[in-house]
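Quick notes on the structure that follows.
Just so you know, all these numbers are worked out from the coordinates, no wet-lab data involved. Not measured: the values here are computed from a predicted model. In this analysis, Cβ positions are derived from the backbone assuming ideal geometry, glycine residues included, and neighbour counts consider all displayed protein chains.
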Amino acid sequence: MTTDIPAASPDHANLTIRGLSKYFAGLHALEGVSFALRRGEILGLIGPNGSGKTTLINVVTGLLPATSGQVFVDGAEITNKKPHQVAHAGLARTFQTIRLFRDLTVLENVEVAAVSMGLSRREAHKRAGEVLEEIGISRWAEMLAGVLPYGLERRVEVARALATKPKFLFLDEPAAGLNEDESEELLQKLAAIPAQKDLGMLIVDHDMRLIMRLCQRLHVLNFGKTIGEGTPEEVRQIPAVLQAYLGKAAAGG
C-alpha cells in the first residue's frame, strides 16, 4: 500500500477535498490534504493528537477559512462558504464538545435543527420525531436535554445533524466518554445510517475498536499531512502510520 495519495477530482456524487491547507501564523495545521467521500460510505479520519483532524472538519464546514485548496459537494464548490451555506449545500456535523440547548427538550433540540433548514414548525416536529425513532431515543423526546446521561447527549447531537437531511455527515468524536456498552450501541446505530439515508459519513474518533469495525476506508493524518489511506487492514501495514502511532519504523519493527 503506497502513501502517495492522488489528488481527488470533483465528482457529482461525492464530497471532494482537493489540496486543502490551513496555516496559522506559520504553523501548517493542514497541508495539501485530498480525498473523496462517496454516498453510502463510512470513512474514518484518524491520526495522533494534533494531527489536524478537527481543523480539517472546521475548514470544510466553514468555521475556519482555508489557506488554499478546494472543497466540492456533488461537483459544486463550497470552499470558504459560511457554515449555514455549507449546511444548505448538504454537510452536517457534530462537535467534540456537546452543544445542546439544555433548557429545551430532546425533541425541541432536534426541531431547531430542522427549522434552520427552512422547514415549518409542523414539518420540523414531524422530521424530529422520525429521526429520534431512527436513532432509538424517541422515549426521551420530552426530557430536558440538560438532564440527559452523557451517552444520550451524544446521540441527540447525531439526531440534530440528521434532522438537516445531509448528503454528508461529519461526526467529531461521537464515542468520546462512552463506556463499552454505549459505544457498541452507537456503532450499531451509525453503521445503518449511510445506506438508510443515502449519505456519506466521516468519523473522527480515538476509539479505534469502533473505527476499525465501522469504517470501510481510513484516511490518516499526521502533522497536517496525509500519511496513508485505504481499508483498515491496508492502513495497519503502512510504515508511516505505524511510526506515527507506535514509534515503529515498519510493521513488526
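Distance between the modelled labels on L144 and Q216, one decimal in nanometres: 4.4 nm (7 Å Cα→Cβ projection).
Looking at the chain, what % of the alpha carbon pairs are farther apart than 25 Å? All intermediate terms of the calculation are to be shown ahead of the outcome.
Numbers: 13517 of 31878 pairs.
Of all Cα-Cα pairs in the chain, 42 percent lie more than 25 Å apart.
The stretch between Q188 and E233, if pulled fully straight at 0.36 nm per residue, gains 14.1 nm over its current Cα-Cα span. The GluC sites (Glu not before Pro) of the range 116-198 that DSSP puts in a loop, and whose beta carbon has at most 13 other beta carbons within 10 Å, are E142. Cross-link check: pairs K126/K167; K22/K167; K22/K189 evaluated at a Cα-Cα cut-off of 30 Å; pairs beyond the cut-off: K22/K189. Using a/c under 1.5 as the rounded threshold, could you call the range 70-192 rounded, prolate or oblate? The axes a ≥ b ≥ c are square roots of the C-alpha gyration tensor eigenvalues, and prolate needs a/b larger than b/c, oblate otherwise. Oblate shape, in that a/c is at least 1.5 and b/c is the bigger or equal ratio. Using only Cα coordinates, the Kirkwood hydrodynamic radius of the range 97-164 works out to 11.3 Å.
Fully extending the segment from D181 to H84 would add 31.5 nm, taking 0.36 nm per residue of separation and subtracting the current Cα-Cα distance.
All other residues with a Cβ under 15 Å from the Cβ of V86 taken together, and with Lys, Arg as +1 and Asp, Glu as -1, what is their net charge?
On the way: positive: K81, K82, R93, K165, K167; negative: D74, E77, D172.
Taking every Cβ under 15 Å from that of V86, the sum is +2.
Here the range 158-222 and the range 13-80 have alpha carbon centers that stand 17 Å from each other.
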